[in-house]
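Read-outs throughout are calculated quantities, based only on the coordinates presented, and are distinct from any laboratory measurement. Only a predicted model underlies this, so the values are computations on that prediction, with no experimental measurement involved. Every residue, glycine as well, gets a Cβ built from its backbone with ideal geometry; the counts of neighbours run over all protein chains shown.
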Amino acid sequence: MSSTPEHEKKTLILTGASRGIGHATVKRFASAGWRVITCSRHGFPENCPWEMGPEDHIQVDLADPADTQRAVGEMRERLKAQGGRLNALVNNAAISPKGAGGARLGTIETPHEDWSRVFQVNFFAPIVLARGLLAELERAHGAVVNVTSIAGGRVHPFAGAAYATSKSALAGLTREMAKDFGPRGVRVNAISPGEIDTAILSPGTEKIVQEQIPLGRLGEPEEVAKAIYFLCTEQSSYINGAELHINGGQHV
């Protein structure tokens, strides 16, 4: 455990913390002595590994604009223990609706309400959170990391049209934020994962691994978490507006 006094600890706010990449990111930052404030649609899961989890978890429905704004207020209150400073915001939460039997939903089949809900969570929530916490990020000369996807740059066999276009839009938003937040001392970057070994993998992923990934394997959530950590620390102090591909070379 870190012996750093509570008010001096660096702080991360992470959305979508309950599984996969989010879960691995919590462990990576917590092991480095950071305070981690997690956010998800669900209450604090009992099997999570960080000691302060229940006290530093915020239940929020990012599909609901009013609840997202409420959560921003709660986050700002929680950050008072760190002098109103936020060192990193990681926008990891995302949703990807499926059709019957887990089928991919294309542009023709996706209901309008699904388009709206996906963009609310995957695109609008990241900028609402970052703008709402801008003063806290400025005080810490902090960093924002948006989690995009390889599906944002190409048609993917499993990722639906709403998910893919929301991630493409998030990549564009990252560039715009980097320009606007940079003069305030806040860096904004994105990571774009490919096929990562999590619970949401679809049948047929093995074929993608064999035919499209030069490294010939799935990525591990911990490998994505290391890249997120890099973009939130001084090791990346001159990186702003970048999208880092974490996909074993799949994008080439």
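For the Cα atoms of the chain, what angle does the longest principal axis make with the long axis of helix 221-231, in degrees from 0 to 90, nearest 10?
Value to nearest ten degrees: 50.
Which residue fluctuates most in the GNM of the chain (Cα springs below 10 Å): Leu89, Leu79, Leu14?
Between Leu89, Leu79, Leu14, it is Leu79 that shows the largest mean-square fluctuation.
If you fit an axis through the alpha-carbon atoms of helix 20-31 and take the longest principal axis of the Cα set of the chain, what angle between them do you get, 0 to 90°, nearest 10?
30
Can you tell me how much longer the chain between Ile108 and Lys226 gets when fully stretched, taken as 0.36 nm per residue apart minus their C-alpha distance, in nm with one decimal?
Stretched out fully, the Ile108 to Lys226 stretch lengthens by 38.7 nm.
Under a point spin-label approximation (7 Å from Cα along Cα-to-Cβ), what is the Ser31-His251 distance to one decimal in nm?
2.5
Where does each of Leu173, Leu12, Leu62, Leu134 land when they are ranked from fewest to most other beta-carbon atoms within 10 angstrom?
Leu134, Leu173, Leu62, Leu12
What FRET efficiency do you get for Arg217 and Arg19 if R0 is 22 Å and r is their Cβ-Cβ distance, rounded to the nearest 0.05?
0.60
Once you place label points 7 Å from the Cα toward the Cβ at Gln235 and Asp197, how far apart are they in nm?
The two pseudo-label positions are separated by 2.1 nm.
Which of Met75, Met177 comes first, and how do the rest follow, when ranked by fewest Cβ neighbours within 10 Å?
Sorted ascending by nearby Cβ count, the order is Met75, Met177.
Fewest Cβ neighbours within 10 Å first, please rank Ser96, Ser237, Ser18 accordingly.
By the 10 Å Cβ count, ascending, the order reads Ser237, Ser18, Ser96.
Give the range of the longest stretch in the chain that excludes all GluC sites (Glu not before Pro) found in loop regions by DSSP and having at most 15 other beta-carbon atoms within 10 Å.
The reported range is 110-252.
Counting only pairs 8 or more places apart or on different chains, how many lysine pairs in the chain have C-alpha atoms closer than 21 Å?
Close lysine pairs found across the chain: 11.
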